[in-house]
C-alpha cells in the first residue's frame with residue numbers, strides 16, 4: 001500500500017472509531033462496584049455472538065468449553081494464575097446473535113448462571129441486519145431499549161454484579177470494505193449506545209475499536225480481523241489483553257495484567 005493511501009486509510013479508521021472515545025470522567029468515578037483480593041468462587045460469564053462463541057463446545061468437555069477466542073484467552077490466564085480462588089467461567093456466546101436473541105435467552109443463559117462478572121459483546125449482527133435490510137433489523141433506539149432491558153434484569157438479579165460491555169468493531173476488509181461507509185456509520189450508532197449504557201449501569205467499558213485502530217498502524221487490518229468482522233488469533237489476543245487491563249480496575253487481584 002502506498003504511503004499516502006495508507007495514511008488516508010488510517011485516518012478513516014480513526015474517524016470511524018472516534019465515537020467510542022472514553023471520557024476521562026467516566027474512568028475516574030470514585031464509587032464503582034469492585035471485588036477485593038479476598039473474593040473467591042466468582043463466576044465469570046461471557047455473552048455475545050460468534051466473536052465470543054469462538055466455536056465453543058456444546059457439552060461439558062473442558063477442552064473446548066470456552067471456545068477458541070478472547071473469552072478462552074481471558075479465562076485460561078485467570079484460571080491458571082489464580083487456581084486457589086476456585087473461579088468459574090462460562091461462555092454462552094452464540095454465532096449470529098443480535099441483541100434481540102440475547103433478550104430471548106437471557107433467563108436461561110445468563111440469569112440462571114448467577115454471574116458475578118458479566119461480559120457482553122454484541123452489535124455487529126444488528127448492523128448486518130440493517131445493511132441486509134432484514135425484517136428483523138432494529139433501529140439504534142430499539143437496540144438501546146433491548147440492551148437496557150437485559151442489563152437491568154441482570155443488575156436486579158445481582159445488585160453487586162460487575163458488568164463489562166465491549167464496543168463492537170469492524171475494519172475495512174472484504175465485504176465490509178465494499179460498503180465501509182454504511183458499516184462504520186451504523187456501528188458508530190450502536191457503539192454510542194453501548195458507551196451510554198456503560199455509564200448508566202456503572203459498567204467497565206472495553207474499547208475494542210481503539211485497540212484495533214492502533215494495531216492497524218503496525219500491521220494491515222486483515223492481520224487482526226481477517227474478514228472485517230471476525231478476529232484472527234492475533235486479534236483475539238489483543239481483545240483479551242484489553243479486557244484484562246480494563247477489568248483489572250475493578251477486580252483487585254487482576255491488576256497484575258498491565259499491558
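The values are calculated or read from the model by the stated rules, or taken from the named source; none is laboratory data. In this text, all values refer to a predicted model and were calculated from it rather than measured experimentally. No Cβ is skipped: glycine too gets one built from the backbone with ideal geometry, and neighbour counts run over all protein chains shown.
Some points to look at:
So that you can scan it fast, the table gives a plain yes or no per residue for (1) surrounded by 21 or more Cβ atoms within 10 Å (Cβ to Cβ); (2) part of a helix (DSSP H, G or I); (3) in contact with a strand residue (DSSP E or B) (Cβ under 6 Å, 6 or more places away or on another chain):
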| position | (1), (2), (3) |
| --- | --- |
| 187 | yes, yes, no |
| 190 | yes, yes, no |
| 199 | no, yes, no |
| 202 | no, no, no |
| 214 | no, yes, no |
| 219 | no, no, no |
| 222 | no, yes, no |
| 229 | yes, no, no |
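- Picking from residues in segment 135-158 that are more than 22 Å from residue 32 (Cβ to Cβ) and in contact with a helix residue (DSSP H, G or I) (Cβ under 8 Å, 6 or more places away or on another chain), the one that is modelled with the lowest pLDDT is 136.
- One residue alone among 235, 248, 228, 191 is closer than 16 Å to residue 71 by Cβ and touching a helix residue (DSSP H, G or I) at 6+ places or on another chain (Cβ under 6 Å), and that residue is 235.
- Meeting the requirement of 1 or more residues that are modelled with pLDDT of 95 or more and either out of contact with any helix residue (DSSP H, G or I) (no Cβ under 7 Å at 6 or more places or on another chain) or surrounded by 13 or more Cβ atoms within 10 Å (Cβ to Cβ) (or both), the helices (runs of 4 or more DSSP H) wholly within segment 15-129 are 50-53, 70-81, 99-109.
- Residue in segment 161-182 that is assigned to a helix (DSSP H, G or I), buried (at least 21 other Cβ atoms within 10 Å of the Cβ) and within 17 Å of the chain's Cα centre (by Cα) present: no
- Only a single criterion out of (1) free of Cβ contacts under 8 Å to residues at least 60 places away in the same chain; (2) touching a helix residue (DSSP H, G or I) at 6+ places or on another chain (Cβ under 9 Å); (3) on the phi < 0 side of the Ramachandran plot is not satisfied by residue 178, namely (2).
- Enumeration of residues in segment 72-103 that are touching a strand residue (DSSP E or B) at 6+ places or on another chain (Cβ under 7 Å) and under 18 Å from residue 255 (Cα atoms): 75, 79, 87
- Restricting segment 145-169 to residues that are in contact (Cβ under 8 Å) with a residue 60 or more places away in the chain and touching a strand residue (DSSP E or B) at 6+ places or on another chain (Cβ under 8 Å) leaves a set whose member that is farthest from residue 223 (Cα to Cα) is 161.
- For segment 189-204, the criterion of being at pLDDT 95 or above and within 18 Å of residue 75 (Cα to Cα) is satisfied by at least one residue.
- Candidates in segment 213-236 are the residues that are under 13 Å from the mean Cα position of the chain (by Cα) and touching a residue at least 40 places away in the same chain (Cβ under 8 Å); of these, the one that is nearest to residue 39 (Cα to Cα) is 236.
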